[in-house]
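Contents: one structure, followed by commentary.
Values in this text are rule-based calculations from the coordinates and carry no lab data. Computed from a predicted model, the values in this text were never measured in an experiment. Note that each Cβ is placed from the backbone with ideal geometry, even for glycine, and that neighbours are counted across all protein chains shown.
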Amino acid sequence: MKVPIPKRNVLFLGIVSFINDTASDMILPILPLFIKEIGGSGLAVGLISGVGESVASLFKMFSGYFSDKIGKRKPFVFFGYFIASIAKFLFAFSRIWPHVLILRIMERFGKGLRTAPRDALLAASTEENNRGKGFGFHRAMDSAGAVLGSVIAFILFWYLGFNFRTIFLIAGVISFFSLIPLYFVKEKKKLEENKKATIATEMNLKFSLKNLPTPLKFFIFIATIFALGNFSYMFFVLRSQEFFEVGEFAMGIPILLYILYNISYTIFAYPVGILSDKIGRKFVLLSGYTLFGVVCLGFIFSNSLSFFIILFFLFGLNYALVNATERAFVSDLSREEFRGTALGTFHMSVSLATLPAGLIAGFLWDIDTSYTFIYGALISFIVLILFSIFLLFGFIKKDRKKDRLKSEY
């Protein structure tokens, strides 16, 4: 018997992310170039890319926990997108790189507020046998918006001659439109009484990591180690700019390569989600962790446009293999009534790692740009060992049989 899947939430949350990321990625491909223009060094880029995630990370845990506690996800999602939209708009008024740092923290705070409750909404709208598909669809919509935003940024900057600040203003206005589709997202008014009783008994209405199963905590640890080496895209963009420092190519080609990265991610996000449902999350994650190390090694030796095209395409594939699959896997390993807390803990832990990841990458960058990518490849190797131990000792749910009945959107 088919289990009906709520198409409404998956679709409209996808539309929200599409619009929001259209705005975000009008900013992101030019942000490292803007930071450099207003006097920021490699360390400043690393600080900006990492500190916002880390400062906001606590809210990823507690927004997930409180959304479990009160049985409501949508308010957290709405205010998260709203705060981030304000921050995007204010980027246009930055004069020195610390201004960008403050606004990045504010924008990431909004993301921290919305991420775990939104993912819990998505998980509640899917079943385990097609959860990868659901998260893959959402990530594909998110990335499709990123492609559109990057293309718009390129057109405005390259062909129409708009400056950075004007593009930021336009992006800020677009971002507010992402709030409209949230009206159509529906959720239960409150958790069922038996679930509320379960939460009251097992959590005593207090947050505790003891409620998370051991396999989940071990996997969150592995994902956090990976995040320590999974530094910001900004360093990949700046690395490509090193080879095109003459004329307009210094600005145009890095933006185009960033667009290619997002196109690759968009193409693969949804099929990878379906693949993870069929062959299991563990095989997809192993492939993703391995590919990141390969990409980092490639950036060490890259010296031509054709090489960069291949690497940015593979970088997008790597993100598709890891990003949505980790979220779906965390959802698989957690019970529904604790899912907001589980996803919040996962996002918080991974986000906390982004500050040291950015600072280490930025510090190494200022010594020698190749050292940043050597570091990323080394972390990838360590994660492969840890994840293999995870699988070897059976800390993983067995995947459902391939002949499980499929639910369609």
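The figures follow:
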read-out: Model label zone, N163; criterion: amide N under 13 Å from point 7 Å along Cα-to-beta-carbon; scope the range 65-93; value: 92-93
read-out: V173/I279 FRET efficiency (R0 60 Å; Cβ-Cβ; nearest 0.05); value: 0.90
read-out: Neighbour-count ranking [beta-carbon atoms within 10 angstrom, fewest first] of I385, I86, I48; value: I385, I86, I48
read-out: Separation between Cα centres of the range 309-348 and the range 94-162, rounded to whole Å; value: 14
read-out: Net length gained if the chain between I374 and R335 were fully extended (0.36 nm per residue, minus Cα distance); value: 10.2 nm
read-out: Estimated dipole of the range 7-392 in Debye, rounded to 20 [Cβ of Lys and Arg +1, of Asp and Glu -1, Cα centre]; value: 1400
read-out: Angstrom value of the Kirkwood radius, inverse mean 1/r, which spans all Cα pairs in the range 7-392; value: 20.8
read-out: Rounded FRET efficiency, nearest 0.05, which uses the C-beta distance separating F381 from T214 and R0 of 25 Å; value: 0.50
